[in-house]
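Chemist: My structure is below; once you've seen it, I'll send some questions.
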Amino acid sequence: MTYKSMPKVELHTHLEGCAPPSFIRGLAKEKSIDISGVFNKDGTYAYRDFDNFLQVYEAACTTLQGPQDFYRLVKAVLQESAAHGVVYQETFLSPDFCGGGDLAAWRDYLAALETAAAEAEVEFGITLKGIVTCIRHFGPDAAKPAAICAAETFGDFITGFGMAGGEMVGRPNDYAYAFDMAREAGMPLTCHAGEWGGADMVADTITDLKVQRIGHGVNAIHDPKLVAQIADSGIVLEVCPGSNVFLKATGDWADHPIQKLRDAGIKVTVSTDDPPFFGTTMTDEFDMLAATFDWDSDDFKALNQTALDAAFCDPTTRAKIAKRLETQ
Ligand SMILES: [Zn+2]
């Protein structure tokens, strides 16, 4: 089997950011919502830079108005992921976009999300788990109810807590209260850092938020001592090269630090982040890694195994996915 037809594991996606443009357009039409600024003429998402990307992302999210919309979103997203061979996916879910941070409302959204995920598992052969995220640019006070939603619904489907959004807002320690709450509930943790922030942001995130995984983390490459520390600690990086190249968070593919991070002994995984926003898929990511760094089937097998080992799921799910990877 070549890497192209391999089953794939990805750990870093944002549910709304995976929404196919046709799905969002369809919802907007049904509800007569004006989202004219969201799309280019060719139907792709339209934005100028990362901050504008967050605005367009949130504008697209205005079409998602209730649990039933999120149910349909999960089905649309997982059908697309499964078409690219993804057999296990973790996705960031924000109570801020699902009920405004209210716990009772969040439970209603969650029930719809779980139902959709269970159906998609049967229909498309892909397993989804959710990581509750607070949104950094909404501020530390909004992170607390998100952490409560996470801790109260931690279980088979909600498997971890994390933070997404604008990385340059505040310092990691400002969000320690929310992360402490989730950790005390027994949740594994991840946080975006080192995509826009420097190596110091990655270091502070590790020290102050005590995470097991870092979203992106690529700017750690600028601090050799930190690179050695991450390698020694076993902290896993959720690297999204296509996203980084598209948004110019790093140089182009040839200059992307994933190879150097991996060579330094850091556990790296590969994900698509917000695939239709960045014109990527897991197939594209694998193709570019093969073309740029000569990764072969053995490299991709190892990549899948690292991702599965770092997944926040329960042991039964991990064993089930391991069996599916054996067919690669
Ligand atoms: Zn992300």
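Chemist: Find the Cα radius of gyration of region 82-194, compare it with 2.2 N^0.38 Å by division, and give the number to two decimals.
Modeler: 1.07
Chemist: Also, quick follow-up: What does the charge count around residue 60 come to, taking other residues whose C-beta lies under 11 Å from its C-beta (Lys +1, Arg +1, Asp -1, Glu -1)?
Modeler: On the way: positive: 25; negative: 16, 58, 274.
Within the 11 Å Cβ shell, the charges total -2.
Chemist: I would also like to ask the following. In the calculated pair distance distribution of region 170-302, what percentage of Cα-Cα distances lie above 22 Å? Intermediate values should be presented prior to the final figure.
Modeler: On the way: 3251 of 8778 pairs.
Value for region 170-302: 37 percent of Cα pairs lie more than 22 Å apart.
Chemist: Still on this structure, I have one more. Using helices alone, what [θ] at 222 nm do you get for the chain, with -39,500 (n - 2.57) per DSSP H run of 4 or more residues, divided over all residues and rounded to the nearest 500?
Modeler: That comes out to -15000 deg cm²/dmol.
Chemist: Among the lysines, which fall within straight-line cross-link reach of residue 129, defined as a Cα-Cα distance under 19 Å, with same-chain neighbours fewer than 8 residues apart omitted?
Modeler: Cα-Cα hits under 19 Å: 8, 75, 320, 323.
Chemist: Could you please report the charge total around residue 3, scoring K, R as +1 and D, E as -1 over all other residues with beta-carbon less than 13 angstrom from its beta-carbon? Don't jump to the answer; show the numbers that get you there.
Modeler: On the way: positive: 4, 8, 301; negative: 284, 285, 287, 294, 296, 298, 299.
Result for the neighbourhood of residue 3: -4.
Chemist: Shifting gears a bit: Along the three principal axes, how long is region 9-69 when you take its alpha carbons, biggest first, rounded to the nearest angstrom?
Modeler: Cα extents, longest axis first: 34, 29, 19 Å.
Chemist: Mind grabbing the base-10 log of I(q)/I(0) for region 163-240 at q = 0.13, 0.15, 0.24, 0.25 Å⁻¹? Debye formula, identical points on the C-alpha positions, no solvent, two decimal places.
Modeler: -0.33, -0.44, -1.13, -1.22
Chemist: Tell me the net charge near residue 197. Cut-off is 10 Å between Cβ atoms, residue 197 excluded, with +1 for each Lys or Arg and -1 for each Asp or Glu. Working shown, then result.
Modeler: Working: positive: 171; negative: 167, 195, 200, 204.
Combined, the nearby Lys, Arg, Asp and Glu give -3.
Chemist: What ranking do 12, 222 get, fewest neighbouring Cβ atoms within 10 angstrom at the top?
Modeler: Details: 12 29, 222 14.
Placing the least packed residue first, the sequence is 222, 12.
Chemist: For a footprinting-style exposure proxy, rank 247, 73 by other Cβ within 10 Å, fewest first. Display every interim value, and only then the final one.
Modeler: Details: 247 19, 73 24.
Arranged by neighbour count, lowest to highest, 247, 73 become 247, 73.
Chemist: Also: What Kirkwood hydrodynamic radius, in Å, does region 26-158 give when the mean of 1/r is taken over all pairs of distinct Cα atoms and then inverted?
Modeler: Values: mean 1/r = 0.0630 Å⁻¹.
That comes to 15.9 Å for region 26-158.
Chemist: Taking Cα centroids, how far is region 251-320 from region 81-155 in Å?
Modeler: 22 Å
Chemist: Something else: Test of understanding: in a Gaussian network model of the chain with alpha carbons linked when under 10 Å, which of 166, 265, 43 would top the mean-square fluctuation ranking?
Modeler: It is 43.
Chemist: Using a Gaussian network model of the chain with C-alpha springs under 10 Å, which one of 122, 236, 227 is most mobile by mean-square fluctuation?
Modeler: The residue that fluctuates most here is 122.
Chemist: Further question: Could you give the nm distance between label points at residue 168 and residue 319, where each point is 7 Å from its Cα heading toward the beta carbon?
Modeler: 4.8 nm
Chemist: Given 0.36 nm per residue, what is the gain on full extension from residue 255 to residue 32 after removing their alpha carbon distance, in nm? Don't skip to the end; give the middle numbers.
Modeler: On the way: separation 223, 0.36 × 223 = 80.28 nm, distance 4.40 nm.
Full extension from residue 255 to residue 32 adds 75.9 nm.
Chemist: If N is the number of residues in the chain, what value comes out of its Cα radius of gyration divided by 2.2 N^0.38 Å? Display every interim value, and only then the final one.
Modeler: Values: Rg = 18.3 Å, N = 328, 2.2 N^0.38 = 19.9 Å.
Relative to the rule-of-thumb radius for its length, the chain sits at 0.92.
Chemist: Shifting gears a bit: Taking the beta-carbon count within 10 Å as an exposure proxy, list 13, 306 from fewest neighbours to most.
Modeler: So the residues, fewest neighbours to most, are 306, 13.
Computed from the coordinates by the stated procedures, all read-outs in this text should not be read as laboratory data. Worth saying up front: this structure is predicted, and the values here are computed from it rather than measured. Cβ atoms come from the backbone with ideal geometry, glycine included; neighbour counts cover every protein chain shown.
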